[in-house]
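Structure first, commentary second.
Every read-out reported here was derived from the displayed coordinates using simple, explicitly stated rules and does not represent laboratory data. Keep in mind it's a predicted model, so treat the numbers as computed, not measured. Glycine gets a Cβ as well: all are built from the backbone with ideal geometry, and neighbour counts include every protein chain shown.
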Amino acid sequence: MSSSTLRHKQSANARRLARELALRLLYQVDIGQIPLEECFEFAVEHMPLDEAGQRFARELASGTLQHQQKIDSIIARFAIGWPPERQPAPDRNVLRLAIYELLHHPETPQSVVISEAVELAKKYNSDESGKFVNGVLASVLKHLEEYR
């Protein structure tokens, strides 16, 4: 394996961990009503991420929270019959995180965002959650330019 391939894999893994940390932060803010900074300080002690990964996780979480009202309206439009307040907390927060990244990080391939979101939904809820998240995000993708 070449050194550039190894660096790419390490970078992808660091971003995956950063997304997972961002999801945990969003979940704690959502369910525990704990301020983001308080959650962040506790979370980074329990997740091995370098400084760049921590910055990415913080940006994802804070950006998602900053745009949550708009993101929730997008979710409500495409998760027909399942507005965010009726969804399980892991699914709701995975969708929020993924939609934020799709809208505000166009440099990240859309397929990567969706794949990561599906894996997080399956890890933190169920295989059915992965299918639900995939379906909602596929619908969002068709209309993404409307929201940018």
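Overview of results
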| quantity | calculated |
| --- | --- |
| Within-14-Å neighbourhood charge of residue 69 [Cβ basis; K, R +1; D, E -1] | +1 |
| Nearest-20 debye value, region 3-147 charge dipole, Cβ charges on Lys, Arg, Asp, Glu | 400 |
| Residues 31, 75, sorted so that the one with the fewest Cβ neighbours within 10 Å comes first | 31, 75 |
| The chain: calculated mean residue ellipticity at 222 nm from DSSP helix runs of at least 4, using -39500 (n - 2.57) | -26000 deg cm²/dmol |
| Count, lysine Cα pairs under 20 Å in region 3-147, 8 or more residues apart or across chains | 4 |
| Exposure proxy ranking, count of Cβ atoms within 10 Å, fewest first, for 113, 94 | 113, 94 |
| Among 42, 118, 132 - extreme Cα towards positive end, dipole of region 39-148, charges at beta-carbon | 132 |
| Candidate values (1) 47, 38, 27; (2) 73, 40, 27; (3) 46, 35, 30, label of the one derived for Cα extents along the principal axes in Å | (3) |
